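This report refers to the structure that appears directly beneath it.
The values are calculated or read from the model by the stated rules, or taken from the named source; none is laboratory data. Keep in mind that this is a model prediction, so the values were computed, not measured. Note that each Cβ is placed from the backbone with ideal geometry, even for glycine, and that neighbours are counted across all protein chains shown.
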């Protein structure tokens with residue numbers, strides 16, 4: 001196992017160290033941050049999204065990646081991982097290792113208590129500087145709800161929200177859609193969340 005990094009790392013030092021690790025780490029402003037593991041619900045939702053997008057985008061020049069592909073945000077220097085990433089067109093990578101993506105089209109994050117504020121705030125702020133990014137999804141794991149941020153003109157982002165297992169989220173930019181029933185297939189909500197779920201589907 002590689003030794004822990006020193007307090008400050010250059011991007012090159014981070015990548016050399018990170019590629020030897022068994023777990024994932026973010027890098028920003030010289031600091032390295034360990035990324036926590038995910039719950040079963042989190043993994044189910046991510047897998048369902050990958051399956052749904054892959055089925056619809058197959059043969060259309062779009063690639064769907066799960067959470068192990070690193071993303072670099074050149075404008076801010078952030079290196080991170082998303083739960084699901086889509087690239088439509090030719091993927092661009094940071095170097096010949098082809099493990100650090102530069103041009104995501106769609107990024108999906110499944111929310112958890114420990115990361116929700118970060119995914120909504122600082123992480124999305126970084127993502128917005130990616131010129132290739134057209135769509136950003138935040139998916140709740142405790143209730144059937146998806147928030148969709150779509151890039152508009154003049155650096156504006158339009159938020160739409162769908163709730164309830166009978167709903168469908170349209171993604172016009174990619175020419176596909178996600179059924180919430182499919183996104184949450186086999187996901188078991190805690191009893192308290194079931195009450196909230198019933199209220200959203202009335």
>> Give me the residue from the stretch 102-124 that is more than 22 Å from residue 50 (Cα to Cα) and assigned to a helix (DSSP H, G or I) and, out of that set, modelled with the lowest pLDDT.
In response: 117
> Based on what the data block shows, is residue 91 in contact with a helix residue (DSSP H, G or I) (Cβ under 8 Å, 6 or more places away or on another chain), farther than 21 Å from residue 29 by Cβ and surrounded by fewer than 20 Cβ atoms within 10 Å (Cβ to Cβ)?
Replying inline: no
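Okay, residues lined up against (1) touching a helix residue (DSSP H, G or I) at 6+ places or on another chain (Cβ under 8 Å); (2) closer than 16 Å to residue 82 by Cβ; (3) modelled with pLDDT of 95 or more:
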position	(1), (2), (3)
5	yes, no, no
9	yes, no, no
22	no, no, no
34	no, no, no
40	no, no, no
46	no, yes, yes
50	no, yes, yes
> When the residues of the stretch 16-34 are filtered to those that are touching a strand residue (DSSP E or B) at 6+ places or on another chain (Cβ under 7 Å) and either in the same structural domain as residue 122 (by TED's automatic domain parsing) or not in a loop (DSSP other than H, G, I, E, B) (or both), which remaining residue is surrounded by the most Cβ atoms within 10 Å (Cβ to Cβ)?
Replying inline: 27
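From the list 136, 81, 127, which one is within 11 Å of the chain's Cα centre (by Cα), modelled with pLDDT of 95 or more and surrounded by fewer than 19 Cβ atoms within 10 Å (Cβ to Cβ)?
Every option except 81 fails the conditions.
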> Out of curiosity, is residue 147 surrounded by 16 or more Cβ atoms within 10 Å (Cβ to Cβ) and modelled with pLDDT of 95 or more?
Replying inline: yes
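Of the residues 156, 141, 98, 152, which is in the same structural domain as residue 78 (by TED's automatic domain parsing) and either buried (at least 19 other Cβ atoms within 10 Å of the Cβ) or in contact (Cβ under 8 Å) with a residue 24 or more places away in the chain (or both)?
Sole residue among the options that is in the same structural domain as residue 78 (by TED's automatic domain parsing) and either buried (at least 19 other Cβ atoms within 10 Å of the Cβ) or in contact (Cβ under 8 Å) with a residue 24 or more places away in the chain (or both): 141.
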>> Looking for something at pLDDT 95 or above, surrounded by fewer than 19 Cβ atoms within 10 Å (Cβ to Cβ) and not in a loop (DSSP other than H, G, I, E, B) - is there at least one such residue anywhere in the stretch 182-192?
In response: yes
>> Of everything in the stretch 67-78, what is within 20 Å of residue 47 (Cα to Cα) and either surrounded by 17 or more Cβ atoms within 10 Å (Cβ to Cβ) or in contact (Cβ under 8 Å) with a residue 60 or more places away in the chain (or both)? Give them in sequence order.
In response: 67, 69, 70, 71
